[in-house]
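One structure is given here, and the rest of the page talks about it.
We did not get these values from a lab; they are worked out from the coordinates using the rules stated. Remember, predicted model here, so these are calculated numbers, not experimental data. Cβ placement follows ideal geometry from the backbone for every residue including glycine, while neighbour counts extend to all protein chains displayed.
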Amino acid sequence: MSWNVDNTADRQVECDSIAEQIRSWNWIVGGQYRLVDMMGKGSFANVYSAVNITDEADLVAVKISHERSEDTLVAEAKVYDKLFGLKGIPRTRMYVKERRCGALVMDLLGPSLGNLKDYCGHFSLKTVFMLADQMISRLASLHSRGYIHGDLKEDNFILGRQETIDERTVYLVDFGLAKTFLLTNGEHIAPKTGLNPCGTLRYTSLNCTLGNEISRRDDIESLGYLLIYLHRGDLPWILAESVVGGDEKRRLMADIKLHTPVKKLCEGLPDEFFAYITYCRSLRFDEQPDYARLRLLCEVAMHRLDYEIDGIFDWTIRLRDDLEWKRLLALEDVF
Ligand SMILES: Nc1ncnc2c1ncn2[C@@H]1O[C@H](COP(=O)(O)OP(=O)(O)O)[C@@H](O)[C@H]1O
Ligand SMILES: [Mg+2]
């Protein structure tokens, strides 16, 4: 199922033609998984849904590198290997090289938070706090294996497949920019300055935007900006995104991030947001964030605002009804 919520006729024609093209390739990855549809298009790889040819109920996602970008996917596959077995990280099944591309096969998940934001609009505070609790846990486990993500955004957090026991689990994907913060001798890497910021500027930490090396603290700061954005649909530095020219844009982003007081950034939001961002910005480069303390902030906020931690997100009921409708319409097509 495609999670694109832009249901215009043009978009439908585009989706149909992509699916047709994929069918015409008749590409069976690793002799086992037949590509079905495209789910994501990126700068170095595309992601497809695929079906196991010996078991139609077994669906997977396949990330296929562009021809000259195989190295990046090889590196990403290695990170997935290191994270194998962690809750909220999709399990990878095989890596193969075919048709001059790399192909990484992994478990198929559901919609991304980006898809769901398009679907529902801004998320309620209850949804944001319930998500935050899981997202902080994902970062804690990623960091526990010695890696930082470096590109946190709504498209890289995906829910488990709908109508499975996993539909409320938030997964973290896309380790194309992930790197280790530990040296081979186990020591923390040293700080560096004068770097180009990596990741998505909208969510990069203040330090990263200013060209400083990133570490664990920057992942959790990015997550803080993402959470604010998911609720508000805005951040003070978003207006810099329309600036043409990479350097100019970066300079303006850095300037606004640097000069927006945290109080102003969190104006109108529960106090826990202020506490979260202030805490992130107080951490030392090599300091391990106190994940439990951050999760406690979410719990306290939920309690104070009288929200029940019941796993019912903004989209839970609407999505179930829509899926039921789609099933009925498909049945009508059959009869
Ligand atoms: N295992 C998966 N199951 C379902 N969808 C996925 C899966 N992995 C990725 N996607 C979808 O494909 C998109 C791109 O995947 P990602 O790994 O983030 O690649 P990129 O490096 O191009 O951003 C994601 O935003 C998500 O919508
Ligand atoms: Mg991505």
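Each label was represented as a point 7 Å from its Cα along the Cα-to-Cβ direction; for Phe84 and Thr54 these points are 1.9 nm apart. Cross-link pairs exceeding 19 Å in C-alpha to C-alpha distance, out of Lys153/Lys179; Lys41/Lys63; Lys179/Lys249; Lys117/Lys257; Lys192/Lys249; Lys82/Lys179, comprise Lys179/Lys249; Lys117/Lys257; Lys192/Lys249.
When each pair of different Cα atoms in the chain is counted once in the 1/r mean, what is the Kirkwood radius in angstroms, to one decimal? When all Cα pairs of the chain are included, the Kirkwood radius is 21.4 Å. Along Cα→Cβ, 7 Å out, is where each label goes; now give me the distance between the ones at Gln21 and Arg304 in nm to one decimal. Modelled inter-label distance: 5.1 nm. Counting neighbouring Cβ atoms within 10 Å and putting the fewest first, the residues Asp310, Asp174, Asp151 line up as Asp310, Asp151, Asp174. Sorted ascending by nearby beta carbons within 10 Å, beginning with the fewest, Met106, Met253 become Met106, Met253. Here Glu154, Glu163, Glu187 are placed in order of increasing Cβ neighbour count within 10 Å, fewest first, which gives Glu187, Glu163, Glu154. Sparse packing (at most 13 other Cβ atoms within 10 Å of the Cβ) combined with a DSSP loop state is found for the following trypsin sites (Lys or Arg not before Pro) in segment 273-307: Arg284. Report the paramagnetic label zone for Glu248: residues of segment 180-202 whose backbone N is under 20 Å from a point 7 Å from Cα along the Cα-to-Cβ axis. 197, 201-202, by backbone N distance to the label point.
Tell me whether segment 165-231 comes out rounded, prolate or oblate; compute the Cα gyration tensor, take square roots of the eigenvalues as a ≥ b ≥ c, and use a/c under 1.5 as the rounded threshold.
Working: a/c = 2.49, a/b = 1.36, b/c = 1.83.
Note, shape of segment 165-231 comes out oblate.
Here the simple spin-label model places points 7 Å from the Cα toward Cβ, and for Ser124 and Asp255 these points are separated by 4.1 nm.
Taking the Cα centre of the chain as origin and assigning +1 to Lys and Arg Cβ atoms and -1 to Asp and Glu Cβ atoms, the resulting dipole is close to 1020 debye.
The peptide list 53-64, 319-330, put in order of mean Cβ contacts within 10 Å with the highest first, becomes 53-64, 319-330.
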